[in-house]
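Student: First, the structure itself, so that you have it in front of you.
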Amino acid sequence: MECSCVELNDLPDEILLIIFKKLDNFDILYSFHGIKSKRLNKIIHDPIFTSNLNFVKWSANKFHNKLTSNFALNRFRLQILPDISMKVKWFYLESSSAKNILRAADYPNLYGLGLYNINERQLDVFLLVRKSK
């Protein structure tokens with residue numbers, strides 16, 4: 001019996017889009033950003049994956065930050081977000097990483113922001129910082 005080996009790059013764009021749409025945008029960008037394949041880079045830079053970014057997950061009746069490791073936070077802050085900042089329209093952020101994410105780049109098309117696990121004092125500071133810009 002012959003063994004057939006199919007690689008991710010062998011799949012048509014339509015199949016890749018179907019697969020990628022089933023995954024979280026956070027995971028797609030984190031896993032595939034910066035790879036050498038122009039074709040895969042073009043697919044992951046599609047607005048389907050870059051316009052709404054969710055850095056929060058719901059588990060055990062509370063919101064958790066997906067950016068718990070400094071490595072993941074720095075990868076988004078220094079590499080991914082500056083590259084896709086023009087395409088970002090909406091963020092869902094946990095309060096502990098909001099400042100780092102929002103300062104990573106200018107987001108001229110950002111029109112929505114979901115903030116989670118934020119207390120009144122943090123909100124006041126956040127609003128003051130945004131007004132001063």
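Student: Within segment 56-91, work out how many residues are under 22 Å from LYS22 (Cα atoms) and modelled with pLDDT of 90 or more. Talk me through it step by step, then tell me what you get.
Tutor: Step one: of segment 56-91, the residues under 22 Å from LYS22 (Cα atoms) are 56-59, 63-67, 72, 76, 80-81, 84, 87-91.
Imposing the further condition that a residue be modelled with pLDDT of 90 or more reduces the set to 76, 80-81, 84, 87-91.
So the answer is 9.
Student: Considering only residues of segment 27-75 that are closer than 16 Å to ASN9 by Cβ and hydroxyl-bearing (Ser, Thr, Tyr), which is farthest from the chain's Cα centre (by Cα)?
Tutor: My answer is SER37.
Student: If you don't mind, there's one more thing I want to ask. Within segment 29-71, count every residue that is under 24 Å from SER95 (Cβ atoms), surrounded by 15 or more Cβ atoms within 10 Å (Cβ to Cβ) and of a type in the set (A, V, I, L, M).
Tutor: 4
Student: Of the residues that sit in segment 1-25 and are more than 26 Å from the chain's Cα centre (by Cα) and aliphatic (A, V, I, L, M), which one is modelled with the lowest pLDDT?
Tutor: In the first step, residues of segment 1-25 are kept if they are more than 26 Å from the chain's Cα centre (by Cα); the result is 1-6.
So of that shortlist, the ones also aliphatic (A, V, I, L, M) come out as 1, 6.
Numbers: MET1: 56, VAL6: 73.
The qualifying residue modelled with the lowest pLDDT is MET1.
Student: Hey, MET86 hits all of (1) touching a Pro at 6+ places or on another chain (Cβ under 9 Å); (2) under 20 Å from ASN117 (Cβ atoms) but one; which does it fall short on?
Tutor: (2)
The values are calculated or read from the model by the stated rules, or taken from the named source; none is laboratory data. Note that the structure is a prediction, hence the values are computed from the model and not measured. All Cβ positions, even for glycine, are placed from backbone atoms using ideal geometry, and neighbour counts span all protein chains on display.
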